[in-house]
Amino acid sequence: MKLPADHPQRVELNDEVHARPPEPLIAPSRLSYLALLCDTTQREAGWAAISDLCRRHNLEPPPQSLLHFSAQLGALRVKWERHTEFIRFTFIADGDADDAFHHPAIAELPPDWVAALPGEVVVAAHVALIKAEPGELDLPAIATCWFDGNMPVGAAVSGAAVTALTDLQIHADGFSRHLMLDHATTPWQAGRIAQRLLEIDTYRILALLALPVARGAGPLLANSERELASITALLVSVQPAEEPALLDRLTQLEAEIENQQSEMRYRFGAADAYYELMRRRIDELREQRITGLQTLREFTERRLAPAMNTWRSIASRQESLSLRVDRATHLLSIRVDLTREQQNQRLLASMNSRARLQLRLQSTVEGLSVAAVTYYVSALVGHAAEALRFAGLHVDPALAIGVSIPVVAAVAFFGIHHIRRSVTRPAENEHAADF
């Protein structure tokens, strides 16, 4: 039967539930595990490293687009996984698990290849999977034999099919240790348990990456809070001339806080996500208490909860400080706007005063203009009368001048007044429209 065309991502989305499957394990087995924090370039270098290892064993390298890859390289099984900000390698060797911590699986690899792996190690762990009969554990003997005398934490997991123990310590070789006592488990179940234990270790450390960030942010936040308190105190009695400088201080403080938040927001968000993943993996183990031992949940919660509270408190302080700065900035901006409005009103009043003065001067100038026009026009009339008298007409120049003076003065007055009104009326109309 022919179906309609597939969605472009149908296969990818369907296969997502099968991503990063566990490796089946049969006791006895030795595992070595590395989780390396990487940037984008180093994550690509992780693919180059696994490809190089494959070529050394005459095996086809994985496609670069893959997010996880596993292969049997001689006596060693290798699993590589690429995540958002870290890569991880799991090396599995079957058999000879009694001395797994002193002759680990990673010892089967070329030392130069291990040393050249990209990124920074956040987790390095060995896992020993050995067969054991159910029953009471000799905890002091286990601590001495497997954990250099450190008392482990752990529980019976997955319906008591496995007893999982770890001391969560970094030993002299740079690796932490996990011991899995296999009572009655299947290979895939053992693989899932080992994967969950290693993921708990990984997500625990990745979540704790936020702790030094939060501790470093504490003094910066304290300085910002003192600066805000100083500015807020000045707001009570600040003079209008000092308001712009105070607003500049607030704006700079707000920019600094936003910069801190942008730098820390990702780390704190990632820490919450990793913490939730760690708790989910512990839930999946279905721990059952062993008398005399702390469970993995008790141990991690007791130590991680204060760290979680620390960075959540810092994030809350940052958010609260940002809101307080925003309110102070808004208040000061209103005061600055009011001050500017008052300045504008005083400026407009000054402009109106100057306009009235100009109007008075204009009126004075109009009177002088009328007098000047009357003088010159009447003089012209007198000259015209003289010319007519010389032409033989009986015209008295003095009389003509006398008669013309009131006429010319009236015409000049009304003409200049009309010109002034025609010029000032549009400006008056515009001014009225503004109000």
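Rule-based calculations on the coordinates, nothing more; no lab input. Only a predicted model underlies this, so the values are computations on that prediction, with no experimental measurement involved. We place every Cβ from the backbone using ideal geometry, glycine too, and count neighbours over all the protein chains shown.
Can you tell me the alpha carbon radius of gyration of the chain divided by the globular rule-of-thumb value 2.2 N^0.38 Å?
Here the answer is 2.06, to two decimals.
With unit charges on the beta carbons (Lys and Arg positive, Asp and Glu negative) and the dipole taken about the Cα centre of region 210-344, which residue among 316, 245, 296 sits farthest to the positive side?
Farthest towards the positive pole: 296.
Cα axis of helix 187-208 to longest principal axis of the chain: angle in degrees, 0 to 90, nearest 10?
Computed tilt is about 40 degrees.
Measure off 7 Å from each Cα along the Cα-to-Cβ vector at residue 411 and residue 323, then give the distance between these two points in nanometres to one decimal.
8.2
Kindly provide log₁₀ I(q)/I(0) values, in the same order as q = 0.09, 0.12 Å⁻¹, from the Debye equation applied to equal alpha-carbon scatterers of region 284-400.
Values returned for q = 0.09, 0.12 Å⁻¹ are -0.70, -0.83.
Can you give the FRET efficiency to the nearest 0.05 for residue 354 and residue 403, using r as the Cβ-Cβ distance and R₀ = 30 Å?
After rounding to 0.05, the efficiency reads 0.10.
Place a +1 charge on the Cβ of each Lys and Arg in region 258-341 and a -1 charge on the Cβ of each Asp and Glu, then give the dipole magnitude about the Cα centre in debye, rounded to the nearest 20.
So the magnitude is around 280 debye.
Treating only the Cβ of Lys, Arg, Asp and Glu as charged (+1, +1, -1, -1), what charge dipole size does region 20-187 show about its Cα centre? Round to the nearest 20 debye.
The calculated dipole for region 20-187 is roughly 500 debye.
Taking the Cβ of each residue in 314, 142 as the centre, tally the other Cβ atoms inside 10 Å and list the residues starting with the fewest.
Going from sparsest to densest Cβ surroundings: 142, 314.
Between residue 130 and residue 85, what is the spin-label point distance in nm, taking each point 7 Å from the Cα along the Cα→C-beta axis?
Distance between the two pseudo-spin positions: 3.8 nm.
For region 118-130, just list the computed ³J(HN,Hα) in residue order, Karplus coefficients 6.51, -1.76 and 1.60, θ = phi - 60°, integers in Hz, with x standing in for Gly and Pro.
So the Karplus estimates, Gly and Pro as x, are x, x, 10, 6, 9, 9, 9, 9, 10, 10, 10, 10, 10 Hz.
How large is the dipole of region 151-221 about the Cα centre if only Lys and Arg carry +1 and Asp and Glu carry -1, each at its Cβ, rounded to the nearest 20 debye?
180
Which three extents, in angstrom, do the Cα atoms of region 20-187 have along their principal axes, listed largest first?
48, 30, 27
Under the Kirkwood approximation for Rh and a Cα-based Rg, what ratio Rg/Rh is obtained for region 263-347?
Over the Cα atoms of region 263-347, Rg/Rh equals 1.42.
Can you compute the FRET efficiency between residue 242 and residue 209 using 1/(1 + (r/R0)^6), with r the Cβ-Cβ distance and R0 = 56 Å? Round to the nearest 0.05.
Between residue 242 and residue 209 the formula returns 0.80.
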